[in-house]
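Accompanying notes for the structure given below.
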Amino acid sequence: MKLKTQQSKYLKDAVEDLISNNIDLHFSRTVKVDDCGGYFCPVSRQLKVATWNSAWFVTFIHEYNHFKQWKKGTKLWSAAENLEFFEDFDPKHVLSVQLMEQECDKMSWKDIKKYNIESTEHYISKSNAYHVSYTNMVEKNQWLKRAPYRFKEVLKYCPDDRFFTIKELKQPNKKLYDIISKKCF
């Protein structure tokens, strides 16, 4: 788990913040933890990340920013925090979850820029693909089997210079929606 210089600085600051807030941090030498690349759970006060995949550091940044959303009590975090979206994939909750995830990725993007973190190419387009995929999850009534940001065919429909608007999240480009449905489930 050799880190680049800016990644080391970010990790040090983030770990200090997590420890000072009594959050247990677990790095797992596996491809997944509990069926995903990582997560932050405010109930158990844990942040977990699987480190045996190429995106582990970006996953850490993202999950750390979920912690910061929770710590700050952002409106978007609060609106989505107690939803059981992944239990029932309720269409009425999808936009709240998408906007909470988008807020997290905007915060993550600010951290990436502030620390000048290496190896974060196409962060915004990858985030956009992930946010849109929630609409697909509702239709399929299931979690993704493969992350949409791993496919170039998906990313070509996602801007890398801006995050999707609410309208684009609610009504994604049909080609983007179809390719996510085909490749990710």
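The values are calculated or read from the model by the stated rules, or taken from the named source; none is laboratory data. It should be emphasised that the depicted structure is a prediction, and the values quoted were computed from it without experimental measurement. Neighbour counts run over all protein chains shown; Cβ positions are idealised from the backbone, glycine included.
Quick notes on this one:
- Every test in (1) surrounded by 12 or more Cβ atoms within 10 Å (Cβ to Cβ); (2) within 22 Å of residue 54 (Cβ to Cβ) is passed by residue 145 save one, and that test is (1).
- Answer residue from segment 34-60, given it is under 13 Å from residue 70 (Cα atoms) and within 12 Å of the chain's Cα centre (by Cα) and is surrounded by the fewest Cβ atoms within 10 Å (Cβ to Cβ) among those: 39
- One residue stands out in segment 127-153 among those that are more than 23 Å from residue 93 (Cβ to Cβ) and part of a helix (DSSP H, G or I): the one that is modelled with the lowest pLDDT, namely 150.
- Helices (runs of 4 or more DSSP H) wholly inside segment 1-111 containing at least 1 residues that are closer than 26 Å to residue 139 by Cα: 56-72, 75-81, 85-88
- Note on segment 6-28: residues that are polar (S, T, N, Q) and within 20 Å of the chain's Cα centre (by Cα) amount to 2.
- The residue of segment 157-170 that is modelled with the lowest pLDDT, among those that are surrounded by 12 or more Cβ atoms within 10 Å (Cβ to Cβ) and either hydroxyl-bearing (Ser, Thr, Tyr) or over 13 Å from residue 127 (Cα atoms) (or both), is 170.
- Failed item in (1) modelled with pLDDT of 95 or more; (2) surrounded by fewer than 18 Cβ atoms within 10 Å (Cβ to Cβ); (3) not β-branched (Val, Ile, Thr), with residue 90 passing the rest: (1)
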